[in-house]
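Each remark here refers to the structure printed beneath this line.
The values are calculated or read from the model by the stated rules, or taken from the named source; none is laboratory data. Since we're looking at a predicted model, the values are computed, not measured. All Cβ positions, glycine included, derive from the backbone under ideal geometry; neighbour counts span all protein chains shown. Accessible surface is based on the protein model in full, side chains and every heavy atom, while ligands, DNA and RNA are left aside. Shrake-Rupley method; radii C 1.70, N 1.55, O 1.52, S 1.80 Å.
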Amino acid sequence: MTDNSPDAALLAKAETLTEALPYLQRYAGQTFVVKYGGHAMGDPELQRDFAEDVVLLKAVGINPVVVHGGGPQIGAMLKRLGVESRFVNGLRVTDAETAKIAEMVLAGSINKDIVGWIGQAGGRAVGISGKDAGLVLAEKVGLRDPDPLQGIERHVDLGFVGEPIAVDRSILDTLSNAGIIPVVAPVGVGADGTTYNINADTMAGAIAAAMGASRFFLLTDVAGVLDKQGELLTSLDPAAVEELRADGTITGGMIPKIETCVAAVQSGVDAAVILDGRIPHAMLLEIFTRQGAGTLVSAKAAR
């Protein structure tokens, strides 16, 4: 007599699908904005995983919008061309020559690479920048840098570095409604036509707020926000974030990322998630499983 019962692996796959079902129903028709960058962008296997995840989201009725970074690639190109990079508070000082190179790398090679990966995974994507169709109106960033030796603050001119002041979502809606995944380079334009390089996290957060996104994902090179024992904090609200900053739990490069998440949530995004982009299919684990995979920030902390 032959045993026709399914094996454990097949049953596990079926259970995974049933676990995902309520999340598929909850997010159908919703917009997810994904900031993509870090080491995941430079690893071929992770590139493929990311593209497959984005195509899967689109296939199950979710509308993903990808906003990408490219700092390391810009730095490599500047070095190759003999242009020295200088940073203040994590922002690259960008003169006219650097701005042109940054736009070439961001809106050119990186943007089209990602579009290509999505196409290879079976999806349809179009690459644009914040300059296209008036997507992102920007203004020059003003920065004051404290000088501890002098006890004063000095104004720092970052050059052609901007921040979003308005987002016209119509081009993103048009693409999404046509079954196309928008891939956005973090370049914007000022009211006078000046081109500005924009921090990708900030750009993605502004787009997520304008889209009224259900989820805003920040794919980074860390697991998320860790407590002082190194354990992952899976759910936070703005008040908890302030407490963790005050007691020194959240420090360094995590501060601007968590600030971007809080700003997005306070601007109408349902929840923002800091995820480790080095984990294969991290977005799917976060979206379609009960335990999640990163640090979720929402108006009222909950999983």
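With the structure loaded, tell me whether GLY70 is surrounded by fewer than 21 Cβ atoms within 10 Å (Cβ to Cβ), of a type outside the set (Ser, Thr, Tyr) and closer than 22 Å to ILE207 by Cα or whether it fails that test. Judged against the criteria, GLY70 is not a match.
May I ask you to list the residues in the stretch 73-99 that are of a type outside the set (Gly, Ala, Ser), touching a strand residue (DSSP E or B) at 6+ places or on another chain (Cβ under 8 Å) and either open to solvent by 40 Å² or more (accessible area, probe 1.4 Å) or part of a helix (DSSP H, G or I) (or both)?
Residues of the stretch 73-99 that are of a type outside the set (Gly, Ala, Ser), as a first pass: 73-74, 77-81, 83-84, 86-89, 91-95, 97-98.
With the extra rule that they be touching a strand residue (DSSP E or B) at 6+ places or on another chain (Cβ under 8 Å), the set shrinks to 74, 86, 88-89, 91-95, 98.
Listed by number, the residues that qualify are ILE74, ARG86, ASN89, LEU91, ASP95, THR98.
From the residues in the stretch 101-147 that are surrounded by fewer than 14 Cβ atoms within 10 Å (Cβ to Cβ) and in contact (Cβ under 8 Å) with a residue 60 or more places away in the chain, which one is farthest from ALA76 (Cα to Cα)? Looking at residues that are surrounded by fewer than 14 Cβ atoms within 10 Å (Cβ to Cβ) and in contact (Cβ under 8 Å) with a residue 60 or more places away in the chain, I get GLY122. Cβ-Cβ contacts under 8 Å between residues 6 or more apart (or on different chains), taken from a first residue in the stretch 208-226 that is under 28 Å from ASP173 (Cβ atoms) and among the hydroxyl-bearing types (Ser, Thr, Tyr) to a second residue that is open to solvent by less than 30 Å² (accessible area, probe 1.4 Å) and not in a strand (DSSP E or B), are listed as SER214/TYR27; SER214/VAL269; THR220/GLY37; THR220/GLY277. Of all residues in the stretch 111-130, those being touching a helix residue (DSSP H, G or I) at 6+ places or on another chain (Cβ under 8 Å) and under 17 Å from TYR196 (Cβ atoms) number 3. Return the pair list, or none, for Cβ contacts closer than 7 Å from residues in the stretch 36-56 that are over 18 Å from LEU106 (Cβ atoms) to residues that are part of a helix (DSSP H, G or I) and of a type in the set (Val, Ile, Thr), at least 6 apart or on different chains. Cβ pairs passing all conditions: ALA51/ILE118; VAL54/ILE118; VAL55/ILE118.
Of all residues being over 18 Å from PHE217 (Cβ atoms) and part of a loop (DSSP other than H, G, I, E, B) in the stretch 1-28, which is modelled with the highest pLDDT? Just the residue, please. Walk me through it before giving the result.
At the first step, the residues of the stretch 1-28 found to be over 18 Å from PHE217 (Cβ atoms) are 1-19, 21-22, 25.
Imposing the further condition that a residue be part of a loop (DSSP other than H, G, I, E, B) reduces the set to 1-7.
Working: MET1: 44, THR2: 51, ASP3: 56, ASN4: 59, SER5: 57, PRO6: 59, ASP7: 72.
The residue in question is ASP7.
Quick one: how many residues across the stretch 253-270 are within 19 Å of MET203 (Cβ to Cβ) and not in a helix (DSSP H, G or I)? Walk me through how you get there before you give the answer.
If we filter the stretch 253-270 for residues that are within 19 Å of MET203 (Cβ to Cβ), which is where we start, we get 253-269.
So of that shortlist, the ones also not in a helix (DSSP H, G or I) come out as 253, 267-269.
Count: 4.
Here is the figure for the stretch 179-194: residues that are within 10 Å of ALA138 (Cα to Cα) and crowded, with 24+ Cβ neighbours inside 10 Å total 2.
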